[in-house]
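Encoded as structure tokens, the structure appears first; notes follow it.
The values are calculated or read from the model by the stated rules, or taken from the named source; none is laboratory data. The model shown is predicted, which means the values in this text are computed figures rather than measured ones. We place every Cβ from the backbone using ideal geometry, glycine too, and count neighbours over all the protein chains shown.
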């Protein structure tokens with residue numbers, strides 16, 4: 001039997017997979033492709049957005065809670081186990097300068113060759129044609145997002161090299177080198193941002209990227225510098241994938257991450273109909289292709305199907 005085309009996405013924490021690639025994972029699983037979601041950390045240092053659950057006991061078991069939320073989200077995106085999930089096996093790193101960021105178990109503190117090797121093993125095992133990660137700023141600068149992006153980049157290059165991690169090619173669990181063909185970075189860039197902001201504001205919902213009436217001049221300068229850094233790291237949109245048919249699933253999967261995504265979160269507050277108007281596609285930058293391509297694309301598997 002011919003090997004099915006395979007998509008592998010690499011994410012930092014539970015919930016990231018649905019926010020940036022929920023639509024394409026649902027779409028490709030529904031089309032019969034093999035879809036693998038790699039989650040690099042346990043998300044144990046995330047905020048809990050439900051006041052009644054924001055307790056020391058809940059934080060103590062947050063890694064277990066978020067794993068269950070992730071499983072539910074993936075089942076929602078692709079009922080019947082259409083999305084396979086793999087853990088890279090690291091602890092949430094938290095933000096720069098925090099105690100959690102210094103923890104030796106944190107992804108940010110991991111030995112880099114070991115971390116990349118773990119992802120190379122997954123790539124060699126599942127043999128994807130397409131790998132999706134973040135840009136080198138991790139999209140918005142979180143340490144785990146940065147590391148997830150660099151791991152996806154480095155594993156994409158190393159997996160097909162028999163001189164890289166040769167121990168994986170030996171013994172009873174030996175794998176073979178595998179060379180993925182295309183690597184993409186996610187792009188979160190709204191085409192109708194001002195209209196989106198206005199509709200959210202009409203519902204009293206603020207976004208981290210929009211003006212905040214209560215922010216100080218210093219906070220505004222910090223936000224604008226952060227947005228500029230995000231824009232600088234974002235590549236051109238080469239590929240827009242229509243996911244309108246899967247937005248209801250995506251919204252439901254976001255709601256499955258209940259400890260992290262509140263009902264007033266910008267990504268869920270407007271609902272699928274509004275997102276179909278403002279952002280009917282999930283967008284990407286094609287960074288590497290080992291096959292001939294014609295840009296722009298409307299399919300991550302252009303040239304492969």
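Of everything in the range 6-30, what is within 17 Å of residue 80 (Cα to Cα) and without any contact (Cβ under 8 Å) to a residue 60 or more places away in the chain? Give them in sequence order.
25, 29, listed by residue number.
For the range 20-59, enumerate the residues that are touching a strand residue (DSSP E or B) at 6+ places or on another chain (Cβ under 9 Å), farther than 16 Å from residue 299 by Cβ and not in a strand (DSSP E or B).
Selection gives 20, 22, 42, 44, 45.
Could you check the range 88-117 and list, in sequence order, the residues that are surrounded by 15 or more Cβ atoms within 10 Å (Cβ to Cβ) and out of contact with any helix residue (DSSP H, G or I) (no Cβ under 8 Å at 6 or more places or on another chain)?
Across the range 88-117, the qualifying residues are 100, 105.
Out of 269, 258, 253, which single residue is over 14 Å from residue 20 (Cα atoms), out of contact with any strand residue (DSSP E or B) (no Cβ under 9 Å at 6 or more places or on another chain) and either surrounded by fewer than 15 Cβ atoms within 10 Å (Cβ to Cβ) or modelled with pLDDT of 95 or more (or both)? Give the steps one after another, and end with the answer.
Values: 269 fails: either surrounded by fewer than 15 Cβ atoms within 10 Å (Cβ to Cβ) or modelled with pLDDT of 95 or more (or both); 253 fails: over 14 Å from residue 20 (Cα atoms).
Sole residue among the options that is over 14 Å from residue 20 (Cα atoms), out of contact with any strand residue (DSSP E or B) (no Cβ under 9 Å at 6 or more places or on another chain) and either surrounded by fewer than 15 Cβ atoms within 10 Å (Cβ to Cβ) or modelled with pLDDT of 95 or more (or both): 258.
Report yes if residue 214 is surrounded by fewer than 16 Cβ atoms within 10 Å (Cβ to Cβ) and within 30 Å of residue 126 (Cβ to Cβ), otherwise no.
Here the answer is no, as residue 214 does not meet what is asked.
Report yes if residue 121 is surrounded by fewer than 21 Cβ atoms within 10 Å (Cβ to Cβ), outside any loop (DSSP other than H, G, I, E, B) and at pLDDT 95 or above, otherwise no.
yes
Taking residue 43 as meeting all but one of (1) on the phi < 0 side of the Ramachandran plot; (2) buried (at least 22 other Cβ atoms within 10 Å of the Cβ), write down the number of the exception.
It is condition (1) that residue 43 fails.
Do the conditions hold for residue 261, that is, is it in contact (Cβ under 8 Å) with a residue 12 or more places away in the chain, assigned to a loop (DSSP other than H, G, I, E, B) and out of contact with any helix residue (DSSP H, G or I) (no Cβ under 9 Å at 6 or more places or on another chain)?
On the way: in contact (Cβ under 8 Å) with a residue 12 or more places away in the chain: yes; assigned to a loop (DSSP other than H, G, I, E, B): yes; out of contact with any helix residue (DSSP H, G or I) (no Cβ under 9 Å at 6 or more places or on another chain): no.
No.
Of the conditions (1) under 20 Å from the mean Cα position of the chain (by Cα); (2) assigned to a loop (DSSP other than H, G, I, E, B), residue 294 fails just one. Which one is it?
Just one mismatch for residue 294, condition (1).
What's the number of the condition residue 234 fails, among (1) buried (at least 16 other Cβ atoms within 10 Å of the Cβ); (2) under 23 Å from residue 24 (Cα atoms); (3) more than 21 Å from the chain's Cα centre (by Cα)?
(3)
Pairs please, first residue from the range 143-171 and in a loop (DSSP other than H, G, I, E, B), second anywhere and crowded, with 24+ Cβ neighbours inside 10 Å, Cβ atoms under 8 Å, 6+ apart in sequence or on different chains.
Final answer for the pair search is 159/120; 159/123; 164/120; 165/120.
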